[in-house]
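Below: the structure, in structure tokens.
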Amino acid sequence: MRGVSGRGVRRLARACTSVFAAAALAGATAPAAGQTAAAGGATVAQSASPTPARSPVHTPMPGHGAVALPALPSAAPAQPASPPARPAPTAAGGGPAALPPGYVTHTPLPGRGAFSLQAPPPSPPQPAELFYPAPYYPAPPPYPAPPAYPAPPPYPAPPPYPAPPLYPAPAPAPYPAQVQAAPPAPAPAAAFPAPPDEEAGAFGLLSDVRLGLLLHDPGVFGRNEEDGLDVNVELVFVSPDFLDFLWSPRPHLGFTVNTQGDTSQAYFGLTWEWWFWEAFFFDFAFGLSVHDGETETDELDMKELGSRVLFRAAIDLGWNFLGPHGVSFFLDHASHGGLLGDKNEGLDTLGLRYIYRF
């Protein structure tokens, strides 16, 4: 037989139990019925239409015939009251016989023989569920202990410093002879020399020579009527002692010649000079001049000066360089200021002059 599971065995046991109970009940009731029939000698009346065997008779309702219904399929056939008991199998030695593999002994109900049932074969082994173990990480090996280094040897004590040698005292050196220092070299000539000494000059008399090229009658203090250029020559002398009360002015003497035949003049007077910034100077001159121009005229291109002798004033603003040399910006004006006549147009000259100092 093909093996069944545990659930099938239980169902089969319950079915067998039900069958055995029904058979036992039918066997108990059958002898009683036979005894009753023998004592009375009576028989069961049958209907006109006999019912099949094991079919109960149904009493119909009034007006209806009898109907035979089949018995329930679960009704068991009649069994003898006490069937003979089957002996249990015994072995050759008289003991219970060993059952074949897979069979078990079943104890029946009372009055029934024993029989054996085949036990279900063992269930095949089920495959084990797949099990993935957790990863195992081995513990890291312990760190090796650091090697024990030997202690360094103690440093030896430094040797004592030797005592310094004893040097003999130096013999006293003879006192050096005093050497007279040479006089300092003269300083080079400055590009911007100090003002010259007023007592110096050529032969102790002539201080400066001044040469200029001037514009004739430029109209600085009046109208321009005459034209041309003027050539100017002027000599400046050393200041005499008797002029000290006037702040030591230096006498001058000069002349101006016009290149186109207009008014020329000669003049003389005194010059005062001041120095600043070491190389710059300013001169102011005042004196008298004598000219060859017109005192009164109707010509429009000639000056009407009103007097032959005129007062003259002049200024110089200059720079002294390279020792005795210098240049200056020059301006002068000649007129009588209305003191010597009614006519007084005045005469101006303007230009540059070169100066050489002795």
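The values are calculated or read from the model by the stated rules, or taken from the named source; none is laboratory data. The model shown is predicted, which means the values in this text are computed figures rather than measured ones. Here the Cβ positions follow ideal geometry from the backbone for every residue, glycine too, while neighbour counts run over all protein chains shown.
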Consider region 302-348. How many of its residues are part of a strand (DSSP E or B) and of a type outside the set (Lys, Arg)? 26
Hey, residue 247 in contact with a strand residue (DSSP E or B) (Cβ under 7 Å, 6 or more places away or on another chain), exposed (fewer than 14 other Cβ atoms within 10 Å of the Cβ) and at pLDDT below 95 or not: yes
When residues of region 236-269 are filtered for being farther than 20 Å from residue 291 by Cβ and in a strand (DSSP E or B), how many remain? 4
Go through region 180-229 and report how many residues are of a type in the set (Lys, Arg) and at pLDDT 90 or above. 1
Please tell me if residue 295 is polar (S, T, N, Q), crowded, with 21+ Cβ neighbours inside 10 Å and touching a strand residue (DSSP E or B) at 6+ places or on another chain (Cβ under 9 Å). no
